[in-house]
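J.: What follows is a structure written as structure tokens; I'll ask about it next.
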Amino acid sequence: MSALNTALKIFKILLDRGQIDRESDSDLFLEYRNSEVRSALAQMEDELDFTIVEASSTIYLVPDSSNGLLGFVSKDLREWVASDARLLDSYLLCYIAMYIFYLFYGSRNRNPKQRDYLKVSKLSEELDLRFARALADSDATSVLEASYGLNFIKTAELWESKQEYEDKARKTKTGTILNTCRLLERHNLIRLVDNEREIRTTRKLDDLMLNYYLSDIRVEEIHHAFKGGSQADA
């Protein structure tokens, strides 16, 4: 089999499954190490706007943020929330997802993962505090809006408009968190356990965070966005 054919076979499996594991696909996992195969895949990455991430025992396909074919676009996120969802609903979903990642991987230590699980109730409390601070200091929040191109104030107002009590209905705060988690769970990034009261990460998310997303530059950006220095936390 030629290097190009092998590369296409690897690409096809990555499209179908999102990953190739050394245990179940040992031959292809080893073929990926072939320089000619890697070269062919690198050309596909450039042309099709995706990145292949290699962890210790798994290879993953990660769509670039500009990839509207393999990745998410705002329309997909709105439809996940509801058929009548607004763009602002997708912003809130994205913020909750990013904050989940931050709470799990926000450490500055050598291993950035700082917890094994996260209670849904604790996440809701943290989001209450952050959005309240964003609304209390709108000037500082506006500065962060300009830096990151997101409407934090409107997103905070949407969160505050949701019902307080713990219920799994879509329009409650807990329901909104769970809807975000189910999207992440669908892509094998987190698991909801203990009757959907607790969030745990998957090996896939650990691998992607440690081997791709958490470069030094990205870590600094994450801390700036969620710590905010002396400014209101966004």
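J.: Does at least one position in region 89-104 carry a residue that is at pLDDT below 75 and not hydrophobic (A, V, I, L, M, F, W, C)?
T.: no
J.: Moving on. I need a count of the residues in region 170-186 that are surrounded by fewer than 13 Cβ atoms within 10 Å (Cβ to Cβ) and modelled with pLDDT under 90. Before the answer, list the steps.
T.: Step one: of region 170-186, the residues surrounded by fewer than 13 Cβ atoms within 10 Å (Cβ to Cβ) are 171, 186.
Keeping just the survivors that are modelled with pLDDT under 90 gives 171.
Residues that pass the stated criteria total 1.
J.: Return the pairs, sorted by first residue and then second, in which the second residue is outside any helix (DSSP H, G or I) and surrounded by fewer than 16 Cβ atoms within 10 Å (Cβ to Cβ), the first residue lies in region 123-147 and is not assigned by TED's automatic domain parsing to the domain that holds Leu192 and basic (Lys, Arg), the beta carbons are less than 6 Å apart, and the residues are 6+ apart or on different chains.
T.: none
J.: Still on this structure, I have one more. Please go through region 35-55 and give me each residue that is surrounded by 14 or more Cβ atoms within 10 Å (Cβ to Cβ) and either in a loop (DSSP other than H, G, I, E, B) or over 23 Å from the mean Cα position of the chain (by Cα) (or both), ordered by number.
T.: Those that are surrounded by 14 or more Cβ atoms within 10 Å (Cβ to Cβ) and either in a loop (DSSP other than H, G, I, E, B) or over 23 Å from the mean Cα position of the chain (by Cα) (or both): Val37, Arg38, Ala40, Leu41, Met44, Asp49, Ala55.
The values are calculated or read from the model by the stated rules, or taken from the named source; none is laboratory data. Computed from a predicted model, the values in this text were never measured in an experiment. FYI the Cβ positions are ideal-geometry reconstructions off the backbone, even for glycines, and counts take in every protein chain you see.
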